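Worksheet: one structure, shown below.
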Amino acid sequence: MNTHTNTPAVEIENLSFAYRNQNVLEDISLKVPHGSFLGLVGPNGSGKSTLIKCILGLLTPDKGAVKLNGVPVKKFDKWSEIGFVSQKANSFNSGFPATVFEVVSMGLYGKVGLFRFLRKKHKEKVREAIAQVGMEDYTQANIGQLSGGQQQRVFIARALVSDPAILILDEPTVGVDAKSVSNFYTMLRELNNEKGMTLILVTHDIGAMSEYVTDVACLNKCLHFHGDKHVFEDNKEEMMTAMYGHEVNLLEHNHDHGHHHHHHDHDDAGRGQE
Amino acid sequence: MIDVFFQYDFLRYSLFTGLMIGFLAPFLGVFLVVRRLSLMADALSHITLTGIAFSMLLGRHVTFFSALNPVYMGMIFSVGGSLLIERLRFVYRFYKELAIPIILSAGIGLGVVFISLADGFNNDLFNYLFGSVVAINQTDFYVVVSLTAVVTGLIILFYKELFFLSFDEEQAVIAGIPKMPLHFLFMVMVALVIGISMQIVGILLVSALMTLPVACAMRLARGFKQLFFYAVLFGEISVVAGLVSAFHLDLAPGGTIVMANVLLLIGTIILTKKQSM
Ligand SMILES: Nc1ncnc2c1ncn2[C@@H]1O[C@H](COP(=O)(O)OP(=O)(O)OP(=O)(O)O)[C@@H](O)[C@H]1O
Ligand SMILES: [Mg+2]
């Protein structure tokens, strides 16, 4: 983890990605140093989830490269050092008969490794993670019978249970109530400050987020801004209009199709949800 | 009632084999059902029939095959079929379930061709379709024992990986779990278990033994481990009840085992009326 303090936790170099013919990410370069807490923001369809999937090696970029701890994604094998809560956490089949304990245990499977079983100390860790997200009263409950927000908390616990060095969260607090959201952000800040965990948080909740993060990245196909959160705060107005206000204009700049393109965006977003 | 099964060797082999498949079929069936692949068992059992027909056809011309239990050829076909289904699921990425009817009908089509080439197989074929209480000899029995040991061992060994993959494939892949090798291994195990189960339950009903006990268990289980427990319990109850009544009433065991299963299913649905799935 901290052995290579100079190597960034995540390094993205000139990355471009297209779904079939639609360019989604263009020439993104980004370094996330160890111990930083990055807030990644941008409008719907701006490519945030796509970028995360490239970081995790689920999608292969058309151009450029991603390195984790200095290792190219394709060769990276210490996946238990990386925790991930996906935007579509509820995509699992909700009739699946698994208890909260069983679901959170999955977070340790990669770390425990093939041909090995969970031991007592692992089970202890699972209980700790469940308590950390305040779900200890539901340890033996069926995951499908919890509310959406409760399920989300369980998935957060699953990402935390292996003590990852890097934690990536794609809109993790969707459906979580306001009080729990602020508790959750506080918890993230503690993980960042006390354990030195590197965090990447995708969110639309720009107001709340900027209280907790150290850095901000604004994405809309290209990377519009990346830097210290104070710089972001000082230029927030500008950033917002650049990203959200004149979105269509911006697209016109970067692309020939103009308004048509904007329409396509929405069509595809609907299909992409499947 | 059941003591007659201990008086004769061939009945004892059938009973023990029945107990083992009453364990194995629902055990693997749990993964099939939660991954929404219940129909896979149907497709594979039909390909097993193709293999059996092929082996019987060869048996008419080659002495080696006339001595060999056709079920082994059936197993080879069904393993091949499971690999083909995987390929097809990849071809029709957005309509994955299409792979199943394609392979199922191709299998039956080919099977029917083999059967007509050999001018029909009469009585034997009836036993393969609907099962038999007396189909198991000593060699078959030892094959079943070893397969049971191997499959159970493999499932225990890879339990956590298979569980994770069934629950959330994307996350499992991110966690570094080798998806493709495990999936192939699992499909091969399903193909083999179908091969051994069909001697007693019959081809047309073998998939019922993989899915009905799991369907009962789904109504009762809260966690994944409980699901195995209930599924195997219901599987065993129906096999024993089905085999005993098949012998005493002189019926094909496939029918009685599945009917026992259906009764259990109706019972659990009534008992758990309040839940919906
Ligand atoms: N599987 C897919 N196939 C084709 N196009 C896709 C797919 N997934 C996403 N897209 C397209 O890529 C673009 C970026 O999508 P992405 O999910 O990365 O956006 P996002 O920034 O995460 O949005 P949101 O804030 O809504 O989560 C969208 O225009 C979408 O239409
Ligand atoms: Mg997204």
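See the values below:
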{"quantity": "Shielded by partner chains, region B:148-194 residues - at least 50 Å² of accessible area, 1.4 Å probe, vs chain alone", "calculated": "B:L157, B:K160, B:F163, B:F164, B:F167, B:E170, B:Q171, B:I174"}
{"quantity": "Accessible area buried at the B-A interface, both sides summed, 1.4 Å probe (Å², nearest 100)", "calculated": "2600 Å²"}
{"quantity": "Mean accessible surface per residue for chain B, computed with a 1.4 Å probe while every protein chain stays in place, in Å²", "calculated": "43 Å²"}
{"quantity": "Estimated inter-spin distance, B:F64 and A:A178, nm [label 7 Å along Cα→Cβ]", "calculated": "7.8 nm"}
{"quantity": "Apportionment of accessible area to carbon and sulfur, the protein assembly as shown, percent (1.4 Å)", "calculated": "58 percent"}
{"quantity": "Area accessible to solvent at B:V150, 1.4 Å probe radius, in Å²", "calculated": "80 Å²"}
{"quantity": "Choice from A:L59, A:L160, A:L25 showing the highest fluctuation, given a GNM over chain A with Cα pairs closer than 10 Å", "calculated": "A:L59"}
{"quantity": "Chain A: relative contact order as a whole-number percent, Cα under 8 Å and 6+ apart", "calculated": "24 percent"}
{"quantity": "Probe 1.4 Å, accessible area per residue of chain A, Å²", "calculated": "48 Å²"}
{"quantity": "Cβ-defined net charge surrounding A:V231, 12 Å radius [Lys, Arg +1; Asp, Glu -1]", "calculated": "-3"}
{"quantity": "Peptide ranges B:124-136, A:69-81 listed from the most packed, as the mean C-beta count within 10 angstrom indicates", "calculated": "B:124-136, A:69-81"}
{"quantity": "Cα shape, region A:85-144, gyration tensor, a/c 1.5 rule", "calculated": "oblate"}
{"quantity": "Span from the region B:201-277 Cα centroid across to the region B:150-175 one, whole angstrom", "calculated": "25 Å"}
{"quantity": "Lys, Arg +1 and Asp, Glu -1 on Cβ, resulting dipole of the protein assembly as shown about Cα centre, debye, nearest 20", "calculated": "1380 debye"}
{"quantity": "Minimum 10 Å² accessible area buried by the other protein chains, region A:40-85 residues, probe 1.4 Å, relative to alone", "calculated": "A:K53, A:L56, A:L58, A:W79, A:F84"}
{"quantity": "Global form of region B:3-272, assessed from the alpha-carbon gyration tensor, a/c cut-off 1.5", "calculated": "oblate"}
{"quantity": "Most mobile of B:L15, B:L98, B:L44 in a GNM of chain B (Cα contacts under 10 Å)", "calculated": "B:L98"}
{"quantity": "Most fluctuating residue given options A:F92, A:F225, A:F17, as computed from a GNM of chain A linking Cα atoms under 10 Å", "calculated": "A:F92"}
{"quantity": "Calculated FRET efficiency for the pair A:N23/B:E97, C-beta based, R₀ 30 Å, to 0.05", "calculated": "0.35"}
{"quantity": "A:S147-B:K225 FRET efficiency (beta carbon distance; Förster radius 30 Å; 0.05 resolution)", "calculated": "0.80"}
{"quantity": "For residues of B:223-234, the mean tally of beta carbons on other chains within 10 Å", "calculated": "3"}
{"quantity": "For region A:132-203, size of Cβ-based charge dipole, Lys and Arg +1, Asp and Glu -1, in debye", "calculated": "40 debye"}
{"quantity": "Contact order relative to length of region B:3-272, as percent, for alpha carbon pairs under 8 angstrom and 6 or more apart", "calculated": "30 percent"}
{"quantity": "Distance in nm between pseudo-label sites at A:V71 and B:Y142 (7 Å out along the Cβ direction from Cα)", "calculated": "4.7 nm"}
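The values are calculated or read from the model by the stated rules, or taken from the named source; none is laboratory data. These figures come from a predicted structure and were not determined experimentally. For neighbour counting, all protein chains shown are included, and Cβ atoms are generated from backbone atoms with ideal geometry for every residue, glycine included. The area values use the complete protein model at the heavy-atom level, side chains included, leaving out ligands, DNA and RNA. Shrake-Rupley method; radii C 1.70, N 1.55, O 1.52, S 1.80 Å.
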